[in-house]
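Visitor: After the structure tokens below, expect a handful of questions from me.
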Amino acid sequence: MGEKEFKIEGMTCHHCVMAVEIELRKAGFENFNVEIGSAKVELDNSTESTEKVISAIEEAGYKVKK
């Protein structure tokens with residue numbers, strides 16, 4: 001397992017942070033830290049996990065910077 005940071009576009013407030021946290025929990029992630037503009041998530045280093053995080057962030061209404 002390892003921690004990966006995702007840069008997120010469009011987050012401006014605490015509500016944005018909560019929206020991303022909710023979607024990460026729904027996707028099954030437990031160990032993460034979300035701040036305005038980024039999320040650090042504990043992953044199992046698989047491509048599937050990375051894609052699940054990106055999908056959860058997009059489900060919350062934001063885009064991951066590539």
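Visitor: Output yes when any residue across segment 15-36 is loosely packed, with under 15 Cβ neighbours inside 10 Å and either aromatic (Phe, Trp, Tyr) or within 9 Å of the chain's Cα centre (by Cα) (or both), and no when none is.
Guide: yes
Visitor: Quick check, is Thr12 β-branched (Val, Ile, Thr), exposed (fewer than 15 other Cβ atoms within 10 Å of the Cβ), out of contact with any helix residue (DSSP H, G or I) (no Cβ under 8 Å at 6 or more places or on another chain) and free of Cβ contacts under 8 Å to residues at least 60 places away in the same chain?
Guide: Yes.
Visitor: Also, quick follow-up: Out of the residues in segment 16-66 that are part of a helix (DSSP H, G or I) and of a type in the set (S, T, N, Q), state the one that is modelled with the highest pLDDT.
Guide: Checking each candidate, the answer is Ser55.
The values are calculated or read from the model by the stated rules, or taken from the named source; none is laboratory data. Model, not experiment: these values are computed from the prediction. For neighbour counting, all protein chains shown are included, and Cβ atoms are generated from backbone atoms with ideal geometry for every residue, glycine included.
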